[in-house]
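Undergrad: Pasting a structure here, questions to come.
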Amino acid sequence: MDHTTKSKTELAGQTFEVSTQFNDSSTSELEFDSNGGDIFGSHVLDKQDMSRMGKKQEMHRVFHQVSLLSFTAILMASWEWMLLANTQGLVDGGRAGLFWSYIWVFVGFGLTVASLAEMASMAPTCAGQYHWVSEFSPPRYQATLSYVTGWLSTLAWQCGNASGGFLAASMIQSLIGLRNPDYGFAGWQGTLLVLPVMAFWVVCNIWGSDIMPRIQNAFMVVHIGGFVAVVVVFCVLAPHVDAKTALLTFTNGGGWSTTGLSLMIGQISAVVALTAADAAAHMAEEVRDAGLSVPRAMMWTFLLNGLMGFVVLIAFIFCIPDVDAAINDPSDFPVIYVFNLSMSNNGTLGMFILFFILILIGGISYQASTARQTFAFARDQGLPFSSWIGKINPKVNVPANAIILSATITFLLSLINIGNSSAFNAIISLSSVALMGTYCVSIGCLLHRRLTAAHLLPKARWNLGTWGVPVNMTALIWAGFTWFWMFWPNATPVTAESINWAPVMFAGAVVWAIGYYLVKGRKVYVGPVASVKAI
């Protein structure tokens, strides 16, 4: 028998009518264990958080503190991405540009992650940024702001998933090229190689979800061991330049009017390497004691990966005798240029296989976070076909439909590379632009609430205390400043090859989100705050 009750909740001056439906036949799903948890593995505090947010527990909480840290660290893959995606930094800034931009990005991003971590402790939900915007923004704007933020977050994670899938496919092509120098690196072949990568990620995410924590812990050892191996190769086997050349010699290969302007453009390499610590937040509903475990994982992962990335970057820039030769290496990966100077072809092949394995395993985590964010937004009626996307498969207790959808979107996006590699690169850039946009909006809303009605903020067991306002304010300024430079082209004069299409695509996504909201979204989307219980 179904029983429906209606009650009114007032939050931040806005009243919502909330309907709650109870089904007598489903009481077995709410069985509790002797420690106050439930059959999903929830901690008693997880139950309190889910109750406050008005959400039903549907997924098993298989992650604990250590496994979540491993999950997030392998997903971020900071030292791996620093070595695989540094071309723009080498073009716009050179060795010294990579070094100094990494330092200020690390500091600014640290404050940003701290702000996000506090919100993850206040509201540990896989919805992430759009939920926080809904809770903390001015009531009259919450529905529109959270809806647009939800679309941007979905866009960011889906495009990021596509970039990871295509990077793995490109690495397979580079491995083929190492064995066969005459290989042509055809774009259509790279697109086809995305298919087996996506199939592997889907299988692992749907049928391997219960053992994922153990897999992540095992590959955390490989993540750290690989870092040590690469640093040893760079320090012992590679040729080296002097300190002045490595740390103080800047280059301006993008043709900008000043070196300072070139550095602003080139800092994107460090941003890409240090982004996505909020992946832990999107797994919150599968983490035991999420209100504490998630923010800890975000901060410790950022610090660990950030420091590893910095060490490997220092070793790397001392090993580049010719920046132009590194940028123009046939493999398109400057790190392969350094490996080829350091060891035999077989040695380079072995090291790059290590990179490929780590990126492939990290992609499993990335697709998991992508699917959870997409599932959450559909659960709140934010997407077309929400009833299908926002469904948990009862046999495997994961959002299988969202996982399959994410893999399909990745493959469809990769088709663009067949006709225009520049357009696909813009999609990759769009991921960073959209994600940084969600950081700005969510931190801005938290700062607003903190300054105007701090007593309405939910309690956070991981919090910034009296440092909240200065940390949030500095993080917002830094994120906004960095976001501005992400819209610039890679080089000047701007050509069809160098133009950055991300601003156009970003603007189009925002217009689409607002348009869809006005046409349909406002009729079904009220924002997560409508289900939140007053505190």
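The values are calculated or read from the model by the stated rules, or taken from the named source; none is laboratory data. Please read all numbers here as calculations on a predicted model, not as lab measurements. Note: ideal-geometry Cβ built from the backbone for every residue, glycine included; neighbour counts use all protein chains shown. Each accessible area value is taken on the protein alone, full model and side chains, heavy atoms only, with ligands, DNA and RNA left out. Shrake-Rupley method; radii C 1.70, N 1.55, O 1.52, S 1.80 Å.
Okay, residues lined up against (1) open to solvent by 50 Å² or more (accessible area, probe 1.4 Å); (2) closer than 30 Å to residue 66 by Cα:
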| position | (1), (2) |
| --- | --- |
| 217 | yes, yes |
| 232 | yes, yes |
| 238 | no, no |
| 243 | yes, no |
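Undergrad: Could you tell me whether residue 89 is more than 30 Å from residue 53 (Cβ to Cβ) and in a helix (DSSP H, G or I)?
TA: In short, yes.
Undergrad: Output yes when any residue across the stretch 499-512 is open to solvent by 70 Å² or more (accessible area, probe 1.4 Å), more than 26 Å from residue 87 (Cα to Cα) and over 21 Å from the mean Cα position of the chain (by Cα), and no when none is.
TA: Among the residues of the stretch 499-512, at least one is open to solvent by 70 Å² or more (accessible area, probe 1.4 Å), more than 26 Å from residue 87 (Cα to Cα) and over 21 Å from the mean Cα position of the chain (by Cα), which makes the answer yes.
Undergrad: Follow-up question, since we're still on this one. Determine if the stretch 129-152 includes at least one residue that is under 18 Å from residue 52 (Cβ atoms) and among the aliphatic types (A, V, I, L, M).
TA: So far as the stretch 129-152 goes, yes, one or more of its residues are under 18 Å from residue 52 (Cβ atoms) and among the aliphatic types (A, V, I, L, M).
Undergrad: A further question follows. Within the stretch 270-383, considering only helices (runs of 4 or more DSSP H) that don't extend past its boundaries, which have at least 3 residues that are open to solvent by less than 10 Å² (accessible area, probe 1.4 Å)?
TA: In the stretch 270-383, the matching helices (runs of 4 or more DSSP H) lie at 290-317, 334-342, 345-379.
Undergrad: Does residue 455 satisfy the condition of being open to solvent by 20 Å² or more (accessible area, probe 1.4 Å), touching a Pro at 6+ places or on another chain (Cβ under 9 Å) and outside any loop (DSSP other than H, G, I, E, B)?
TA: Working: open to solvent by 20 Å² or more (accessible area, probe 1.4 Å): yes; touching a Pro at 6+ places or on another chain (Cβ under 9 Å): no; outside any loop (DSSP other than H, G, I, E, B): yes.
Considered against the rule, which asks whether it is open to solvent by 20 Å² or more (accessible area, probe 1.4 Å), touching a Pro at 6+ places or on another chain (Cβ under 9 Å) and outside any loop (DSSP other than H, G, I, E, B), residue 455 comes out as no.
Undergrad: Further question on the same structure: Quick test for you: out of 117, 127, 143, pick the one residue that is more than 30 Å from residue 322 (Cα to Cα) and not in a helix (DSSP H, G or I).
TA: Of 117, 127, 143, the one residue that is more than 30 Å from residue 322 (Cα to Cα) and not in a helix (DSSP H, G or I) is 127.
Undergrad: Right, next: Checking the condition open to solvent by 60 Å² or more (accessible area, probe 1.4 Å), over 30 Å from residue 60 (Cβ atoms) and among the hydrophobic types (A, V, I, L, M, F, W, C), which residue from 427, 418 passes?
TA: Of 427, 418, the one residue that is open to solvent by 60 Å² or more (accessible area, probe 1.4 Å), over 30 Å from residue 60 (Cβ atoms) and among the hydrophobic types (A, V, I, L, M, F, W, C) is 418.
Residues checked against (1) closer than 30 Å to residue 491 by Cβ; (2) in contact with a Phe, Trp or Tyr (Cβ under 7 Å, 6 or more places away or on another chain):
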position	(1), (2)
66	no, no
100	yes, no
103	yes, no
144	no, yes
147	no, yes
154	no, yes
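Undergrad: Sticking with this one: Given the criteria within 19 Å of the chain's Cα centre (by Cα) and not in a loop (DSSP other than H, G, I, E, B), does residue 450 qualify?
TA: So residue 450 fails the test.
Undergrad: If you scan the stretch 462-487, which residues turn out to be in a loop (DSSP other than H, G, I, E, B), at pLDDT 95 or above and either of a type in the set (A, V, I, L, M, F, W, C) or open to solvent by less than 50 Å² (accessible area, probe 1.4 Å) (or both)?
TA: Correct list: 462, 464.
Undergrad: Got at least one residue in the stretch 161-174 being β-branched (Val, Ile, Thr) and surrounded by 20 or more Cβ atoms within 10 Å (Cβ to Cβ)?
TA: No, the stretch 161-174 has no match at all.
Undergrad: Which pairs do you get when a residue that is farther than 23 Å from residue 409 by Cβ, found in the stretch 180-196, comes within reach of a residue that is of a type in the set (S, T, N, Q), reach meaning Cβ atoms under 7 angstrom, with the pair 6+ apart or on two chains?
TA: Short answer, once both residue conditions are applied: 185/173.
Undergrad: Among the residues in the stretch 207-226, are any hydrophobic (A, V, I, L, M, F, W, C) and part of a loop (DSSP other than H, G, I, E, B)? Full working, then the answer.
TA: Taking the stretch 207-226 first, the residues hydrophobic (A, V, I, L, M, F, W, C) are 207, 211-212, 215, 218-222, 224.
Next cut, part of a loop (DSSP other than H, G, I, E, B) only: none.
The answer is no, given that none of the residues of the stretch 207-226 is hydrophobic (A, V, I, L, M, F, W, C) and part of a loop (DSSP other than H, G, I, E, B).
Undergrad: Any residue at all in the stretch 16-32 that is among the β-branched types (Val, Ile, Thr), modelled with pLDDT under 50, open to solvent by less than 50 Å² (accessible area, probe 1.4 Å) and touching a strand residue (DSSP E or B) at 6+ places or on another chain (Cβ under 7 Å)?
TA: yes
Undergrad: For residue 526, only one of the following conditions fails: (1) assigned to a helix (DSSP H, G or I); (2) at pLDDT 90 or above. What is its number?
TA: All conditions pass for residue 526, except number (1).
Undergrad: Let me ask something else about it. Can you pull out the residues in the stretch 51-74 that are closer than 25 Å to residue 163 by Cβ and open to solvent by 10 Å² or more (accessible area, probe 1.4 Å)?
TA: Answer for the stretch 51-74, where residues must be closer than 25 Å to residue 163 by Cβ and open to solvent by 10 Å² or more (accessible area, probe 1.4 Å): just 69.
Undergrad: Between 500, 490, which is outside any helix (DSSP H, G or I) and in contact with a strand residue (DSSP E or B) (Cβ under 9 Å, 6 or more places away or on another chain)?
TA: Details: 500 fails: in contact with a strand residue (DSSP E or B) (Cβ under 9 Å, 6 or more places away or on another chain).
Testing whether each residue is outside any helix (DSSP H, G or I) and in contact with a strand residue (DSSP E or B) (Cβ under 9 Å, 6 or more places away or on another chain) leaves just 490.
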